[in-house]
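Working notes for the structure below.
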Amino acid sequence: MKRQEAFEHQGRPVVVDYGRSGAYYGILEQTSAAPRKIWEGRVRIQQAHRLPEVEKKEAVHEFNLETITAPGTKIYAADERTPASYEHSVVQLLEKEISSPLVSYSDKKEWKRLLHSLSVTFTPEPKEPQEESYIYYEIHRSRGNVFLREAPNGQALDIEDCPFELEISPAGLPWRRAVHYYDMYFRNDHGQIFELQEYDHVRIHSDQFRPFAIFLNELEDPSRYSLVKNIHSNGFSKEDLIECHNHLLYQLMQEPEETSFTGVNFLYFRKQQSVLIVQHHYERILHAENEDYVFDRFEITTDKGARNLFIYTNSFSCRQ
């Protein structure tokens, strides 16, 4: 898909093809394109499209309802399909492979093992689609300042530098993602400007208020993807999270004038009798004009003795 075509395709279905690791169906949420580089797309995975090769079969765990960032060379436009859970789509593909006369006996044996393991962690039957959960705000202006207030008569939320993804419904049009531009004006993903009136509604998906979602939102895409991939490769998911100690968020809220932050965040996962702990050592240096400096060091340990360590930094030159 070409860059301009991808930009116009935002909000519509695509397939992300990872070759030997399988292909996955989802919604293209956002595109970005740095000068002289291949464009990238942020895709919210909904279903499996093609199974990985047998040697890469564990990849099906890595993409379960995750939002990933992939290069444009791996993203292709797709047609709308019948709603089904990610789990159900994987099971359907496995059953098709197992029943195919063209698949070797050894491969069928591996697929049966995977299907059996999925029956423990996945629910094969399709789930009824659940209504999305949003928190609704009214937009207000007071003494020249614009802010959001939870409807009705709830807590106020400063709209300047709001860290959450907003959705607006200007003049009764369908809901769409947008960012605050200035005053009562908002800009959508395509650069269109919309003016809201006082008491119009703005909504935020409730998932964004969950501790793990807030934590992931503080990470840059490569760091976020590597962390989620490591957690999944150890057999855990976000549903297994017991505690999220986000010290960086605490610092940002308690010390708004500070520009330098260091510390450690902790994530504690538990699944049946297994435990996984993530230590996230971080450093952030905020710059008014230049790019902020970001350093992340993750240490992931399980009670079975598995240990993974990886480091991410955006640029060593940003530290000064």
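The values are calculated or read from the model by the stated rules, or taken from the named source; none is laboratory data. Just so it is clear, the structure is predicted and the values come from calculations on it, not from any experiment. All Cβ positions, even for glycine, are placed from backbone atoms using ideal geometry, and neighbour counts span all protein chains on display.
Being of a type in the set (A, V, I, L, M) and either outside the structural domain of Gln251 (by TED's automatic domain parsing) or under 21 Å from Leu227 (Cα atoms) (or both) is the requirement here; does Leu276 meet it?
Yes, satisfied.
Please find, among Glu87, Glu55, the residue that is assigned to a helix (DSSP H, G or I) and more than 25 Å from Asp207 (Cβ to Cβ).
Unique residue meeting the criteria: Glu55.
Across segment 259-287, what is the total count of residues that are under 19 Å from Phe298 (Cα atoms) and surrounded by 14 or more Cβ atoms within 10 Å (Cβ to Cβ)?
Final tally of qualifying residues: 18.
So if I check each of Ser260, Ser315, Ser223, Ser274, which one is touching a residue at least 60 places away in the same chain (Cβ under 8 Å) and not basic (Lys, Arg)?
Of the residues listed, the single one that is touching a residue at least 60 places away in the same chain (Cβ under 8 Å) and not basic (Lys, Arg) is Ser223.
Can you pull out the strands (runs of 3 or more DSSP E) entirely within segment 151-207 that have at least 1 residues that are touching a His at 6+ places or on another chain (Cβ under 9 Å), modelled with pLDDT under 90 and among the small types (Gly, Ala, Ser)?
Where strands (runs of 3 or more DSSP E) fall fully within segment 151-207 and carry at least 1 residues being touching a His at 6+ places or on another chain (Cβ under 9 Å), modelled with pLDDT under 90 and among the small types (Gly, Ala, Ser), they are 156-158.
Kindly state which strands (runs of 3 or more DSSP E) lie completely within segment 215-320 and contain at least 1 residues that are in contact with an Asp or Glu (Cβ under 7 Å, 6 or more places away or on another chain).
Where strands (runs of 3 or more DSSP E) fall fully within segment 215-320 and carry at least 1 residues being in contact with an Asp or Glu (Cβ under 7 Å, 6 or more places away or on another chain), they are 260-271, 274-285, 293-302, 307-313.
Let me confirm something: among Phe266, Phe310, which residue is in contact (Cβ under 8 Å) with a residue 40 or more places away in the chain and in the same structural domain as Asn234 (by TED's automatic domain parsing)?
Answer to the selection: Phe310.
Taking Ile68 and the conditions (1) over 16 Å from Gln46 (Cα atoms); (2) surrounded by 19 or more Cβ atoms within 10 Å (Cβ to Cβ), which numbered condition does it fall short on, given that it satisfies the others?
Only one criterion in (1) over 16 Å from Gln46 (Cα atoms); (2) surrounded by 19 or more Cβ atoms within 10 Å (Cβ to Cβ) is unmet by Ile68, namely (1).
From the list Val103, Val90, Val43, Val16, which residue is surrounded by 13 or more Cβ atoms within 10 Å (Cβ to Cβ) and free of Cβ contacts under 8 Å to residues at least 12 places away in the same chain?
From the options Val103, Val90, Val43, Val16, the qualifying one is Val103.
Filtering segment 288-320 down to residues that are at pLDDT 90 or above and among the hydrophobic types (A, V, I, L, M, F, W, C), which residue is farthest from Asn217 (Cα to Cα)?
Ala306
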